[in-house]
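Enquirer: Here you go, one structure.
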Amino acid sequence: GAVVSQHPSRVICKSGTSVKIECRSLDFQATTMFWYRQFPKKSLMLMATSNEGSKATYEQGVEKDKFLINHASLTLSTLTVTSAHPEDSSFYICSAQGQGAHQETQYFGPGTRLLVL
Amino acid sequence: QKEVEQNSGPLSVPEGAIASLNCTYSDRGSQSFFWYRQYSGKSPELIMSIYSNGDKEDGRFTAQLNKASQYVSLLIRDSQPSDSATYLCALFTGNQFYFGTGTSLTVIP
């Protein structure tokens, strides 16, 4: 099956700092990657959709200047939480949609748990 | 109307029973359908995909798709406590993915 990795798996930072999360598709090329946020016992919330080489499309209510997304290659997308605050503490999950045999499926990374103090 | 509707549960079944999870969708043009399992504190994991009407079996899991009635279901036979999780129904229309909010399943030993 298709494998998606995320790094780091867990991060604790001080309020006001920026945090970068990497999402990689390890064994397939991802034309599209998605970033989700999930609060405890709540549903997945789509934050943005990114296509390789173009600007991300953000969901309503998601601040694009706060959550910077870069999809520089077909295997790597990054999410940077800028000037993080305690309310940004959450479980951030990426997923990748592939090409060819993987083009109709989203494969999820293991997630990154962010705690902002 | 939401694109994908699931009963949030919780659904409780005794160990060894059949768990039946259901999902309805609104876009008749939807092409591909998926079931994901999400354990508490973990990310979703793809467990089944189905593309044509009928049943698709994989081990203890059977996905059922009825495009005329616009529903897709997941049956888990011989349910085990390790099946306790939230199950997400999802679909791809050809342009966009949509996820249900998930059904919480508890298998009671």
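Enquirer: Restricting to segment B:94-103, count the residues that are outside any loop (DSSP other than H, G, I, E, B), within 11 Å of the chain's Cα centre (by Cα) and within 9 Å of chain A (Cβ to nearest Cβ).
Expert: The number of residues fulfilling the criteria is 1.
Enquirer: Okay, next question. With the condition kept exactly as written, say whether any residue in segment A:76-84 is among the small types (Gly, Ala, Ser), modelled with pLDDT of 95 or more, over 14 Å from the mean Cα position of the chain (by Cα) and more than 26 Å from residue B:40 (Cα to Cα).
Expert: Yes, that holds for at least one residue.
Enquirer: Is it true that some residue in segment B:13-34 is away from chain A (no Cβ under 13 Å), basic (Lys, Arg) and assigned to a strand (DSSP E or B)?
Expert: No, segment B:13-34 contains no residue that is away from chain A (no Cβ under 13 Å), basic (Lys, Arg) and assigned to a strand (DSSP E or B).
Enquirer: Of the residues that make up segment B:88-97, is at least one among the aromatic types (Phe, Trp, Tyr), free of Cβ contacts under 8 Å to residues at least 12 places away in the same chain and within 18 Å of residue A:106 (Cβ to Cβ)?
Expert: Checked segment B:88-97: at least one residue is among the aromatic types (Phe, Trp, Tyr), free of Cβ contacts under 8 Å to residues at least 12 places away in the same chain and within 18 Å of residue A:106 (Cβ to Cβ).
Enquirer: Checking the conditions here, which among B:36, B:71, B:51 is in contact with a Leu (Cβ under 9 Å, 6 or more places away or on another chain), within 15 Å of residue B:92 (Cβ to Cβ), surrounded by fewer than 18 Cβ atoms within 10 Å (Cβ to Cβ) and of a type outside the set (D, E, K, R)? Write out each step before concluding.
Expert: Numbers: B:36 fails: surrounded by fewer than 18 Cβ atoms within 10 Å (Cβ to Cβ); B:71 fails: within 15 Å of residue B:92 (Cβ to Cβ).
Answer to the check: B:51.
Enquirer: I need the full set of residues from segment B:78-90 which are of a type outside the set (D, E, K, R) and more than 10 Å from chain A (Cβ to nearest Cβ), in order please.
Expert: Residues of segment B:78-90 of a type outside the set (D, E, K, R): B:79-82, B:84-90.
Residues satisfying the conditions are B:79, B:80, B:81, B:82, B:84, B:85, B:87, B:89.
Enquirer: State the number of residues belonging to segment B:54-73 that are more than 18 Å from residue B:24 (Cα to Cα) and assigned to a loop (DSSP other than H, G, I, E, B).
Expert: 2
Enquirer: Still on this model: Any idea how many residues of segment B:56-68 are surrounded by 17 or more Cβ atoms within 10 Å (Cβ to Cβ) and without any contact (Cβ under 8 Å) to a residue 24 or more places away in the chain?
Expert: Number of matching residues: 2.
Enquirer: Further question: Name the residue that is surrounded by the fewest Cβ atoms within 10 Å (Cβ to Cβ), counting only residues in segment A:1-55 that are in contact with a Phe, Trp or Tyr (Cβ under 7 Å, 6 or more places away or on another chain) and not in a strand (DSSP E or B).
Expert: Among those residues, the one meeting the criterion is A:2.
Enquirer: Tell me, yes or no, whether segment A:46-59 has at least one residue that is modelled with pLDDT of 95 or more and on the phi > 0 side of the Ramachandran plot.
Expert: Looking for residues that are modelled with pLDDT of 95 or more and on the phi > 0 side of the Ramachandran plot, one finds none in segment A:46-59, hence no.
Enquirer: Looking at segment A:64-117 only, could you name the residues that are touching a strand residue (DSSP E or B) at 6+ places or on another chain (Cβ under 9 Å), within 12 Å of chain B (Cβ to nearest Cβ) and not in a strand (DSSP E or B)?
Expert: Matches in segment A:64-117: A:102, A:103, A:104, A:105, A:109, A:110, A:111.
Enquirer: Looking only at segment A:67-97, count how many residues are touching a residue at least 60 places away in the same chain (Cβ under 8 Å) and either in contact with a Gly (Cβ under 8 Å, 6 or more places away or on another chain) or buried (at least 22 other Cβ atoms within 10 Å of the Cβ) (or both).
Expert: Adding up the residues that qualify gives 10.
Enquirer: Mind checking which pairs have a first residue in segment B:18-36 that is under 15 Å from residue B:102 (Cβ atoms) and a second that is of a type in the set (D, E, K, R), Cβ under 8 Å, 6 or more apart or different chains?
Expert: B:19/B:83; B:23/B:5; B:24/B:5; B:25/B:3; B:25/B:5; B:36/B:45
Enquirer: Working only within segment B:74-83, note down all residues that are crowded, with 20+ Cβ neighbours inside 10 Å and either basic (Lys, Arg) or in a loop (DSSP other than H, G, I, E, B) (or both).
Expert: B:79
The values are calculated or read from the model by the stated rules, or taken from the named source; none is laboratory data. These numbers come from a predicted model, not from an experiment. Please note: Cβ atoms are built from the backbone with ideal geometry, for glycine as well, and neighbour counts cover all protein chains shown.
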